[in-house]
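Worksheet: the structure to be examined is printed underneath.
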Amino acid sequence: MTAQLRRTTPDGRSFTALEQLADGVRTPLGRRGVEPKTGDPSQAPAAAPSPRLPVAVLVDRAPHTTACYAVTAVDSRGRLADRSPLRVLGWPPLSRVSIGTVKGEMIIIRRCDGPDTITGQGHVRLPARIRHLCRLEPGCRVLVAAFPTCDVLAVYTDSALDAMLLAYHEALRVGSRIPR
């Protein structure tokens with residue numbers, strides 16, 4: 001080692017700057033960087049337990065559903081762009097279906113004598129009478145829900161979703177402390 005790095009302690013011992021750094025690491029510093037007093041370790045005050053972090057309260061899991069949901073657009077011919085709900089139901093292209101409406105909600109069921117048909121490419125095509133009744137224009141987005149256990153496809157317009165969600169949140173507000 002070079003002479004510049006050598007240091008001496010008050011009792012005349014010499015050691016290098018590196019040893020000095022190592023000693024600083026080995027000796028834990030107390031509060032505010034002051035070394036703790038030496039003495040009998042049994043006389044040292046017990047360290048206060050470190051405060052525990054708060055644990056988040058978990059929300060109960062929603063029950064598992066077998067339904068498949070998709071938000072999709074209606075094109076100029078009345079076709080629903082997303083075909084995944086039909087795949088979940090197992091409805092092949094050219095299947096016969098019956099489409100009915102209930103307050104802005106379209107219910108589609110597969111029937112061998114149904115008046116409507118799934119397109120050859122596997123899209124649901126909403127007839128003009130249904131689109132006019134539900135006030136759907138090209139580009140409108142709808143929520144499509146496939147329920148495999150019932151073999152039913154439901155199509156919800158934005159106004160039907162608004163009404164359902166408003167009723168749901170109103171019911172939640174009644175049972176909680178949410179202000180009006």
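Restricting attention to segment 111-126, the residues that are within 35 Å of the chain's Cα centre (by Cα) and surrounded by 12 or more Cβ atoms within 10 Å (Cβ to Cβ) total 7.
For (1) assigned to a helix (DSSP H, G or I); (2) open to solvent by less than 100 Å² (accessible area, probe 1.4 Å); (3) at pLDDT 95 or above; (4) under 30 Å from L153 (Cα atoms), each residue gets a yes or a no:
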site	(1), (2), (3), (4)
F15	no, yes, no, no
E19	yes, yes, no, no
V25	yes, no, no, no
G39	no, yes, no, no
S42	yes, yes, no, no
A46	no, yes, no, no
P49	no, no, no, no
L58	no, no, no, no
R61	no, no, no, yes
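Among the candidates V144, V97, V155, single out the residue that is touching a Pro at 6+ places or on another chain (Cβ under 7 Å) and surrounded by 16 or more Cβ atoms within 10 Å (Cβ to Cβ). Within the list V144, V97, V155, the selection yields V144.
The values are calculated or read from the model by the stated rules, or taken from the named source; none is laboratory data. Worth saying up front: this structure is predicted, and the values here are computed from it rather than measured. For neighbour counting, all protein chains shown are included, and Cβ atoms are generated from backbone atoms with ideal geometry for every residue, glycine included. Each accessible area value is taken on the protein alone, full model and side chains, heavy atoms only, with ligands, DNA and RNA left out. Shrake-Rupley method; radii C 1.70, N 1.55, O 1.52, S 1.80 Å.
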